[in-house]
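Visitor: Take this structure first; my questions come after.
The values are calculated or read from the model by the stated rules, or taken from the named source; none is laboratory data. Remember, it's a predicted structure, so these values are computed and weren't measured experimentally. Cβ sites come from the backbone with ideal geometry, for glycine too, and all protein chains shown count toward neighbours.
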Amino acid sequence: MRPKVAFFDFTSCEGCQLTVVDSLQTHLDLLDAVEIVQFREAMSEKGDDYAVAFVEGSITRESDEARLRQIREQASVLVALGACAHLGGVNAIKNLSELDSVRRYVYGEKAEWFATYATRPLDAVVKVDAFIPGCPIDRRELIEVVKALLMGRKPPIPDYPLCVECKLKENVCLYDKGGVCNGPVTRAGCGAICPTYGDGCEGCRGLVPTPNRDSMQNVLAEHKLTVDDVMARMTMFNAYQLQAMPEQKK
Amino acid sequence: MASVNIEVHHVTRVEGHGNVVVNARNGVLEECRLDIVETPRFFEAMLLGRPYTEASHITSRICGICAVGHATTSLRATENALGITPSEQTRLLRQLNFHGEMLDSHALHTYMLVAPDFFGVGSVIPLARSAPDAVTRALRVKKLAGDLCAAICGRHTHPIAMTVGGFTHLPTIAEIKALRDRLVDARRDMDETVALFRRLPWPRFERETEYVALATPEQYAFIDGTITSTDGASCQVDEYRKVTNERIMEHSSAKHCGHRRDSYMVGALARFNVNSRHLHPRARAAAEELGLRPICTNPFMNTAAQVAEMVHCVEDAIRICDELVVRGIKPESRPVFDGKGGGGVGSCEVPRGTLFHHYEIGEDGRITSANCIIPTGQNLANIEADMRAMVPQILDQGEEKVKMMMEMLVRAYDPCISCSTHFLDVRFV
């Protein structure tokens with residue numbers, strides 16, 4: 001029997017769900033492998049008997065928590081889809097500023113009408129069984145994760161740094177071109193797509209489980225860069241993680 | 001006399017979360033609203049203090065569908081703020097990239113979000129079995145669009161190689177030639193798309209409306225232009241506030257925009273109504289076949305206008321590929337920040353309509369103020385005005401029918417709700 005799958009989103013751009021739709025361009029047979037019972041962005045039916053929930057987006061207000069807990073209760077497997085769900089992502093940039101000033105800047109004197117709290121990833125609220133990193137998710141990785149889940153295996157997400165993939169692509173190191181790149185401490189799996197297209201890694205896949213901070217500091221010193229130069233870039237997707245471990249920030 | 005009491009919780013097959021509320025008693029409309037219940041995201045505040053080089057990368061994350069549109073508009077705002085003029089090569093590559101996004105977004109909306117309504121199904125998934133040709137065609141067009149964007153900026157969602165003053169990576173001429181061949185092949189898919197959509201029974205509904213779009217004297221405007229209205233007014237993009245006129249409505253949940261009337265419409269239909277004379281001849285013929293004639297005041301025809309634009313984008317993309325092949329693609333130096341900040345507005349016609357980004361940049365190269373005005377935010381007042389005009393006309397057809405028509409109407413505007421809620425323009429009152 002095909003497993004019943006549902007898609008949900010919280011605070012996000014829905015680009016990861018669109019990447020799921022786009023993966024049908026090459027893998028239309030995905031529709032034979034699973035039965036999609038709910039996917040608001042793409043279909044009207046709303047089935048609630050799903051076994052696997054793919055959840056995009058971060059949690060940014062208290063009222064979202066109940067909906068996420070309900071999804072967790074129903075799903076045997078809950079997969080965090082993309083950087084917002086996995087890390088908090090760009091939504092967590094606002095955590096770097098005082099929340100009230102952020103609300104006032106955007107909504108003026110009506111700020112109190114807009115419920116919001118510090119952005120957090122899904123696993124700050126419920127247990128997450130698997131995650132597909134990235135902003136957006138990588139299509140090939142999505143297919144690999146779905147295959148693994150169908151076979152009851154743990155999805156194969158790399159735990160080595162991006163530099164490994166970048167070297168295999170034979171890219172010239174961004175630091176040697178005068179750039180800044182989070183590759184040395186960021187989880188691989190995207191094929192180093194940003195450095196390949198000439199832009200430094202923004203860290204959207206999160207830190208590797210054991211980042212080699214000494215080595216990173218050496219790279220920075222060698223190129224006369226400061227920790228601040230690279231941290232500013234790291235806060236684009238990892239503000240929540242960096243705030244959660246202040247003693248490791250330096 | 002008919003009474004209905006409708007609340008559609010989370011309209012499906014649209015981007016983001018919106019609820020439709022309609023209450024009528026004894027034939028009298030008491031309440032008619034599109035509530036925006038998306039979480040606010042605070043992008044403008046998030047840009048404060050960030051280096052200007054990050055703005056296009058952060059704001060592309062506003063929207064997974066129109067990421068290239070946001071990045072392009074963001075870059076134009078930054079370039080205007082810093083006094084940077086992009087080269088002709090950059091202009092051509094950006095426009096080609098933009099056509100890729102327009103094709104992708106319109107294929108998604110026309111085939112996957114709107115078409116199921118006319119086939120009596122809840123999504124495109126059953127159509128994969130009942131109308132496989134149409135579904136594989138839609139996927140083929142989307143793949144071409146995605147591959148086009150990938151060649152130019154790394155990927156469509158979210159673009160990588162686009163940067164202030166140019167690109168960090170350039171496609172090869174061989175890649176452009178291969179894409180050109182596929183674009184030529186796509187003409188057949190465009191013909192079949194027009195043939196499919198011309199048969200659809202668009203709901204009959206007309207309401208006199210003001211349409212607003214960017215315009216230029218030479219071409220069907222997508223990047224830059226003059227803000228132009230079918231009511232005869234025009235102004236420069238840095239005077240955008242004259243048009244958008246945000247205002248708080250006591251009866252309404254969202255802050256609305258209005259120019260000369262209470263509301264206006266942006267998007268493919270507005271562009272068609274303002275700029276149809278600049279469509280490629282093949283696209284003009286397609287529009288004719290689809291029953292589009294300016295000024296068309298049926299909002300459901302926004303989808304038909306998107307089909308005509310798909311034809312135009314394929315043709316104009318072929319033209320740009322040809323031009324690039326003749327002139328070649330060369331690495332270019334990019335401007336260096338000279339320590340002079342400034343303010344600037346960028347504006348583009350993204351798939352859902354006119355988008356504005358407005359930044360102030362300090363002497364340290366960091367952003368000191370940011371404002372973004374999103375097409376869907378501008379359309380909200382007009383969607384509600386259409387709802388109020390339409391409900392009394394169909395009230396006697398029963399609650400289910402009214403509910404379906406309201407959802408179809410909202411969908412016709414192709415709203416991008418998670419975009420619109422990040423910003424000042426959508427305020428709950």
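Visitor: Given the condition assigned to a helix (DSSP H, G or I), in contact (Cβ under 8 Å) with a residue 40 or more places away in the chain and of a type in the set (A, V, I, L, M, F, W, C), answer yes or no: does some residue in the range B:359-380 qualify?
Guide: yes
Visitor: Consider the range B:127-182. How many of its residues are within 8 Å of chain A (Cβ to nearest Cβ), touching a Leu at 6+ places or on another chain (Cβ under 7 Å), part of a loop (DSSP other than H, G, I, E, B) and aliphatic (A, V, I, L, M)?
Guide: 0
Visitor: Could you please tell me which pairs satisfy a Cβ distance under 6 Å, a separation of 6+ or placement on different chains, a first residue in the range A:202-217 that is at pLDDT below 95, and a second residue that is of a type in the set (Lys, Arg)?
Guide: Close Cβ pairs satisfying both conditions: A:208/A:187.
Visitor: Inside the range A:22-31, can you point out the residues that are surrounded by fewer than 21 Cβ atoms within 10 Å (Cβ to Cβ) and facing chain B (nearest Cβ under 7 Å)?
Guide: To start, the set of residues in the range A:22-31 that are surrounded by fewer than 21 Cβ atoms within 10 Å (Cβ to Cβ) comprises A:23, A:25-31.
Once the filter is applied, which keeps residues that are surrounded by fewer than 21 Cβ atoms within 10 Å (Cβ to Cβ) and facing chain B (nearest Cβ under 7 Å), the range A:22-31 yields A:25, A:28, A:31.
Visitor: Cβ-Cβ below 6 Å, separation at least six or inter-chain, first residue in the range A:96-108 and at the interface with chain B (Cβ under 8 Å from one of its Cβ atoms) and farther than 18 Å from residue A:237 by Cα, second of a type in the set (Gly, Ala, Ser) and assigned to a helix (DSSP H, G or I): which pairs?
Guide: Sorted first by the residue in the range A:96-108, then by its partner, the pairs are A:103/A:111; A:105/B:45; A:106/B:45.
Visitor: If you go through the range A:135-153 one residue at a time, do you hit one that is in a loop (DSSP other than H, G, I, E, B) and within 22 Å of residue B:38 (Cα to Cα)? Give the steps one after another, and end with the answer.
Guide: Within the range A:135-153, the first condition is being in a loop (DSSP other than H, G, I, E, B), and the residues that meet it are A:135-136, A:138, A:151-153.
Then keep just the ones that are within 22 Å of residue B:38 (Cα to Cα); that gives A:135-136.
Within the range A:135-153, one or more residues are in a loop (DSSP other than H, G, I, E, B) and within 22 Å of residue B:38 (Cα to Cα).
Visitor: Taking into account only those residues within the range A:67-114 that are among the β-branched types (Val, Ile, Thr) and closer than 30 Å to residue A:142 by Cα, which is surrounded by the most Cβ atoms within 10 Å (Cβ to Cβ)?
Guide: Step one: list which residues in the range A:67-114 are among the β-branched types (Val, Ile, Thr), which gives A:71, A:77, A:79, A:90, A:93, A:102, A:106.
Filter again for closer than 30 Å to residue A:142 by Cα, leaving A:71, A:77, A:79, A:90, A:93.
Values: A:71: 20, A:77: 16, A:79: 25, A:90: 31, A:93: 28.
Only one residue tops the list, namely A:90.
Visitor: When you scan the range A:53-66, do you find a residue that is more than 9 Å from chain B (Cβ to nearest Cβ), touching a residue at least 40 places away in the same chain (Cβ under 8 Å), more than 23 Å from residue A:239 (Cβ to Cβ) and surrounded by fewer than 20 Cβ atoms within 10 Å (Cβ to Cβ), even just one?
Guide: Looking for residues that are more than 9 Å from chain B (Cβ to nearest Cβ), touching a residue at least 40 places away in the same chain (Cβ under 8 Å), more than 23 Å from residue A:239 (Cβ to Cβ) and surrounded by fewer than 20 Cβ atoms within 10 Å (Cβ to Cβ), one finds none in the range A:53-66, hence no.
Visitor: Got at least one residue in the range A:194-205 being of a type in the set (Val, Ile, Thr), surrounded by 13 or more Cβ atoms within 10 Å (Cβ to Cβ) and away from every other protein chain (no Cβ under 14 Å)?
Guide: Here is the first cut: in the range A:194-205, the residues of a type in the set (Val, Ile, Thr) are A:196.
Those left that are additionally surrounded by 13 or more Cβ atoms within 10 Å (Cβ to Cβ): A:196.
From what's left, away from every other protein chain (no Cβ under 14 Å): none.
No, there is no match, as no residue in the range A:194-205 is of a type in the set (Val, Ile, Thr), surrounded by 13 or more Cβ atoms within 10 Å (Cβ to Cβ) and away from every other protein chain (no Cβ under 14 Å).
Visitor: Would you be able to tell me the number of residues in the range A:131-154 that are surrounded by 18 or more Cβ atoms within 10 Å (Cβ to Cβ) and either under 30 Å from residue A:99 (Cα atoms) or not charged (D, E, K, R) (or both)?
Guide: Final tally of qualifying residues: 11.
Visitor: Of all residues in the range B:298-319, which are within 10 Å of residue B:99 (Cβ to Cβ), surrounded by 22 or more Cβ atoms within 10 Å (Cβ to Cβ) and either under 15 Å from the mean Cα position of the chain (by Cα) or not acidic (Asp, Glu) (or both)?
Guide: Once the filter is applied, which keeps residues that are within 10 Å of residue B:99 (Cβ to Cβ), surrounded by 22 or more Cβ atoms within 10 Å (Cβ to Cβ) and either under 15 Å from the mean Cα position of the chain (by Cα) or not acidic (Asp, Glu) (or both), the range B:298-319 yields B:309, B:310, B:312, B:313, B:314, B:317.
Visitor: Starting from residues that are within 23 Å of the chain's Cα centre (by Cα) and in a loop (DSSP other than H, G, I, E, B), keep the ones in the range B:33-53 and report whichever is nearest to residue A:84 (Cα to Cα).
Guide: Step by step, filter the range B:33-53, then rank; the result is B:41.
Visitor: Quick one: would you say residue B:108 is more than 9 Å from chain A (Cβ to nearest Cβ), closer than 21 Å to residue B:351 by Cβ and in a helix (DSSP H, G or I)? Write out each step before concluding.
Guide: Values: more than 9 Å from chain A (Cβ to nearest Cβ): no; closer than 21 Å to residue B:351 by Cβ: yes; in a helix (DSSP H, G or I): yes.
So residue B:108 does not fit the description; no.
Visitor: Name the pairs: first residue in the range A:24-43 and closer than 14 Å to residue A:142 by Cβ, second residue assigned to a loop (DSSP other than H, G, I, E, B), Cβ to Cβ under 6 Å, at least 6 apart or on different chains?
Guide: Matching pairs, first to second residue: A:34/A:2; A:34/A:3.
Visitor: Just to be sure I understand, how many residues within the range A:109-132 are part of a loop (DSSP other than H, G, I, E, B) and at the interface with chain B (Cβ under 10 Å from one of its Cβ atoms)?
Guide: Number satisfying all stated conditions: 4.
Visitor: Hey, another quick one. Return yes when residue A:11 is buried (at least 22 other Cβ atoms within 10 Å of the Cβ), facing chain B (nearest Cβ under 8 Å) and closer than 30 Å to residue B:145 by Cα and no when it is not. Let's see the steps before the verdict.
Guide: Working: buried (at least 22 other Cβ atoms within 10 Å of the Cβ): yes; facing chain B (nearest Cβ under 8 Å): yes; closer than 30 Å to residue B:145 by Cα: yes.
Yes.
Visitor: Go through (1) more than 10 Å from every other protein chain (Cβ to nearest Cβ); (2) not in a helix (DSSP H, G or I) and name the single condition residue B:64 misses.
Guide: Just one mismatch for residue B:64, condition (1).
Visitor: Residue B:30 passes all but one of (1) without any contact (Cβ under 8 Å) to a residue 12 or more places away in the chain; (2) assigned to a helix (DSSP H, G or I); (3) not hydroxyl-bearing (Ser, Thr, Tyr); which number fails?
Guide: (2)
Visitor: Residue by residue through the range B:40-70, note down the ones that are surrounded by 24 or more Cβ atoms within 10 Å (Cβ to Cβ) and without any contact (Cβ under 8 Å) to a residue 24 or more places away in the chain.
Guide: Scanning the range B:40-70 gives a single hit, B:46.
Visitor: Within the bounds of the range B:37-45, is there any residue that is out of contact with any strand residue (DSSP E or B) (no Cβ under 8 Å at 6 or more places or on another chain), away from chain A (no Cβ under 11 Å) and either at pLDDT below 95 or more than 27 Å from residue A:101 (Cα to Cα) (or both)?
Guide: Looking for residues that are out of contact with any strand residue (DSSP E or B) (no Cβ under 8 Å at 6 or more places or on another chain), away from chain A (no Cβ under 11 Å) and either at pLDDT below 95 or more than 27 Å from residue A:101 (Cα to Cα) (or both), one finds none in the range B:37-45, hence no.
Visitor: A further question follows. Does residue B:93 meet the test of being buried (at least 24 other Cβ atoms within 10 Å of the Cβ) and either over 16 Å from the mean Cα position of the chain (by Cα) or touching a residue at least 12 places away in the same chain (Cβ under 8 Å) (or both)? Quick ask: steps written out before the conclusion?
Guide: Working: buried (at least 24 other Cβ atoms within 10 Å of the Cβ): yes; either over 16 Å from the mean Cα position of the chain (by Cα) or touching a residue at least 12 places away in the same chain (Cβ under 8 Å) (or both): yes.
Answer is yes for this residue.
Visitor: I've got another one for you. Mind checking which strands (runs of 3 or more DSSP E) fall wholly inside the range A:1-78 and carry at least 3 residues that are at pLDDT below 95?
Guide: Numbers: elements: A:4-9, A:35-39, A:52-56.
Once the strands (runs of 3 or more DSSP E) in the range A:1-78 are filtered for at least 3 residues that are at pLDDT below 95, what remains is A:35-39.
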